[in-house]
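Okay, so here's the structure we're looking at.
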Amino acid sequence: MIGGLATAPANSPHLRKAGSRTAVSDLGGELGNGVEEGPMYSVAAGELKIGSMPISTTAIMPSPILLWRFKGCSYGAELVKMVLLFFIWGFICCKFGWDSVMRMSVDLRDLFLYEAFLYYNPLLLVTMMVWLWGINLWVFSQANVNYAKIFDLDQNHLTYREIWKCATWMTIIVPTSMTAYLYLYSHGEVSLAASQPVLLYAAVAMVLIFPFDIFYLSSRFYLLRTLWRIVFPLQAISFSDFFLADIMTSMSKVFSDLERSVCRMVHRQVATIAWFEADSVCGSHSVAIPIVLVLPYLFRLFQCLRQYKDTGERNTLLNALKYSTAVPVIFLSALKYHVFPEKWISFYRPLWLLSSVLNSLYSFYWDVTRDWDLSCFTRIFKFSKPSTISSLLHGRKWVYIWVIGSNLILRCTWTYKLSAHLRHNYLTLFTITALEMLRRFQWAFFRVENEWNKMNSKSGIQLSTIEIGNEEDKLLSSSDHSV
């Protein structure tokens, strides 16, 4: 799904100052902080074209292609080493975890695994989402899609390699903490075991709000500022605001589990059996569960209403209606634990089924026709609107058939996650949530592509308007003469 020119990376060491980070110019290329302006090198049709060099550069630069090949080889070797270390570390964690679980009694084993999974599966899913977002950024950079301009990022924004570096550390730290939790509990160190998820959650919170210029301060501030704008939409909604809010709707189950985990930590129910009572304050029948599940959809709903206030477009109201259809799915499901069984079966369950079908089909329709702008599936057969990311797969109908078909299926299965009364098998829930994140991952390609095409079309219209105006001025000036 990548097209366009093959561009030599401008973030290689010979184009950047030491310690600088990669930035993306308005032309879609990546520039180092030490580069002043202009495209440096581009490779098209197998030949090297050298652009303008900055005046401050005095040394003679070696060929960027040779340096890129050398850099690619060294990077590949580092990647192989990292993968091998991952496998070794993963084997050690699995070995210790399995031995620890086998030490427990059969009656306690399932309950304890459910609790351990509750604490750690939200962070594991967040780690997965960070990996996928790095892949998104890599594809955007290879396709010359200026995602920095789309998301209004500054020059110190994280590149896909830095995103993957963060994901690597998360992949190491979260399962290691989970292994320590299982090992300590199985060996009788209950208090030390209970401290493991608490320390991990506290460390994550500290890293996010740490006020000093380490751990990518500008990117953390950008994330926190965007989250604040999502929760309190008191200003005009930007693309990054509703893009992140859409991702949050796919992670509503993650937020629900985070709330339950923090609740148990606050009430000191970690590594105990007291939490398993369904009707307790942190139990599976808690009223807080549907409230947390619905919050991302309400945030997105208020964003649409704010957009309608600012622009007056009716489509924003239709989009708000889409998010409102998730509310009855969540609360009707939660009513099962608060009404008589006969009332649930005869009245509330049919309403829940109807609202689930409506939400799934409405969301699917909006994804395909509005978010992706596939024009009612015409590109499946005619491919009349080739675009930047999809141009590499131009003419391959199976790609669009797969994306549309999988989006429909996963939209329907996502209802399972939103329904509290269906959430019993934690492995099934984890799988469905992971599949929803994969659906959102492929959704991001077409959504950003659609926004990039809109920005380019607007720029083209503006340029054509300026050219027409210049031509009219020339004609008027040429006709202004004495006879």
Quiz item: What do you reckon, is residue 65 modelled with pLDDT of 85 or more and over 24 Å from residue 425 (Cα atoms)?
Solution: no
Self-check item: Residue list for region 208-233, restricted to those being in contact (Cβ under 8 Å) with a residue 60 or more places away in the chain and surrounded by fewer than 18 Cβ atoms within 10 Å (Cβ to Cβ)
Solution: 218, 231
Quiz item: Hey, any hits in region 134-153 for a residue that's among the charged types (D, E, K, R), on the phi < 0 side of the Ramachandran plot and not in a helix (DSSP H, G or I)?
Solution: no
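Within the group 113, 137, which residue is over 15 Å from the mean Cα position of the chain (by Cα) and either open to solvent by 30 Å² or more (accessible area, probe 1.4 Å) or farther than 22 Å from residue 86 by Cα (or both)?
Details: 137 fails: over 15 Å from the mean Cα position of the chain (by Cα).
Answer to the selection: 113.
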Quiz item: Within the bounds of region 369-381, is there any residue that is open to solvent by 40 Å² or more (accessible area, probe 1.4 Å), at pLDDT 90 or above and either within 22 Å of the chain's Cα centre (by Cα) or closer than 15 Å to residue 442 by Cβ (or both)?
Solution: no
Quiz item: List the pairs whose first member sits in region 343-354 and is on the phi < 0 side of the Ramachandran plot, whose second member is open to solvent by less than 90 Å² (accessible area, probe 1.4 Å) and of a type in the set (Gly, Ala, Ser), and whose Cβ atoms are under 6 Å apart, counting only residues at least 6 apart or on separate chains?
Solution: 352/333
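Out of all the residues in region 353-368, which are open to solvent by less than 20 Å² (accessible area, probe 1.4 Å) and within 18 Å of residue 334 (Cα to Cα)?
Quick first cut of region 353-368, residues open to solvent by less than 20 Å² (accessible area, probe 1.4 Å) only: 355-356, 359-360, 363, 366-368.
Selection gives 355, 356, 359.
Mind listing whichever residues of region 175-197 are more than 19 Å from residue 102 (Cβ to Cβ) and over 25 Å from the mean Cα position of the chain (by Cα)? Full working, then the answer.
Taking region 175-197 first, the residues more than 19 Å from residue 102 (Cβ to Cβ) are 176-177, 191-192, 194-197.
Once the filter is applied, which keeps residues that are more than 19 Å from residue 102 (Cβ to Cβ) and over 25 Å from the mean Cα position of the chain (by Cα), region 175-197 yields 191, 192, 194, 195, 196.
If you check residue 308 against the conditions, is it buried (at least 19 other Cβ atoms within 10 Å of the Cβ) and either part of a helix (DSSP H, G or I) or touching a Pro at 6+ places or on another chain (Cβ under 9 Å) (or both)?
Working: buried (at least 19 other Cβ atoms within 10 Å of the Cβ): no; either part of a helix (DSSP H, G or I) or touching a Pro at 6+ places or on another chain (Cβ under 9 Å) (or both): yes.
No.
Conditions (1) assigned to a helix (DSSP H, G or I); (2) modelled with pLDDT of 95 or more; (3) over 17 Å from residue 127 (Cβ atoms), marked per residue:
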| site | (1), (2), (3) |
| --- | --- |
| 185 | yes, no, yes |
| 193 | yes, no, yes |
| 203 | yes, yes, no |
| 212 | no, no, yes |
| 226 | yes, yes, yes |
| 260 | yes, no, yes |
| 271 | no, no, yes |
Quiz prompt | Looking only at region 405-418, and only at residues there that are surrounded by fewer than 19 Cβ atoms within 10 Å (Cβ to Cβ) and modelled with pLDDT under 90, the one that is farthest from residue 283 (Cα to Cα) | solution = 412
Quiz prompt | Residues of region 336-347 classified as open to solvent by less than 90 Å² (accessible area, probe 1.4 Å) and either at pLDDT below 90 or touching a Cys at 6+ places or on another chain (Cβ under 9 Å) (or both), total | solution = 5
Quiz prompt | Answer residue from region 273-298, given it is at pLDDT below 90 and hydroxyl-bearing (Ser, Thr, Tyr) and is surrounded by the most Cβ atoms within 10 Å (Cβ to Cβ) among those | solution = 286
Quiz prompt | Flag for residue 168 being closer than 21 Å to residue 429 by Cβ and either within 19 Å of the chain's Cα centre (by Cα) or open to solvent by 30 Å² or more (accessible area, probe 1.4 Å) (or both) | solution = no
Quiz item: Of 463, 392, 475, which residue is at pLDDT below 70, surrounded by 10 or more Cβ atoms within 10 Å (Cβ to Cβ) and part of a loop (DSSP other than H, G, I, E, B)?
Solution: 392
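Can you name every residue in region 284-305 that is within 16 Å of residue 256 (Cβ to Cβ) and assigned to a helix (DSSP H, G or I)? Spell out the reasoning first.
If we filter region 284-305 for residues that are within 16 Å of residue 256 (Cβ to Cβ), which is where we start, we get 284-299.
Answer for region 284-305, where residues must be within 16 Å of residue 256 (Cβ to Cβ) and assigned to a helix (DSSP H, G or I): 288, 289, 290, 291, 292, 293, 294, 295, 296, 297, 298, 299.
Does residue 300 meet the test of being more than 23 Å from residue 409 (Cα to Cα) and touching a residue at least 12 places away in the same chain (Cβ under 8 Å)? It would help to see each step written out before you state the result.
Numbers: more than 23 Å from residue 409 (Cα to Cα): no; touching a residue at least 12 places away in the same chain (Cβ under 8 Å): yes.
Criteria not met by residue 300.
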Self-check item: Near pairs, Cβ below 6 angstrom, 6+ apart or cross-chain, from region 423-449 (more than 20 Å from residue 284 (Cβ to Cβ)) to any residue that is among the acidic types (Asp, Glu) and surrounded by fewer than 20 Cβ atoms within 10 Å (Cβ to Cβ)
Solution: 447/371
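The values are calculated or read from the model by the stated rules, or taken from the named source; none is laboratory data. As the structure is a computational prediction, the values presented were derived from the model and not from experiment. Reconstructed Cβ throughout: ideal geometry from the backbone, glycine too, with neighbour counts over all protein chains shown. These area figures cover heavy atoms from the full protein model, side chains too; ligands, DNA and RNA do not enter into them. Shrake-Rupley method; radii C 1.70, N 1.55, O 1.52, S 1.80 Å.
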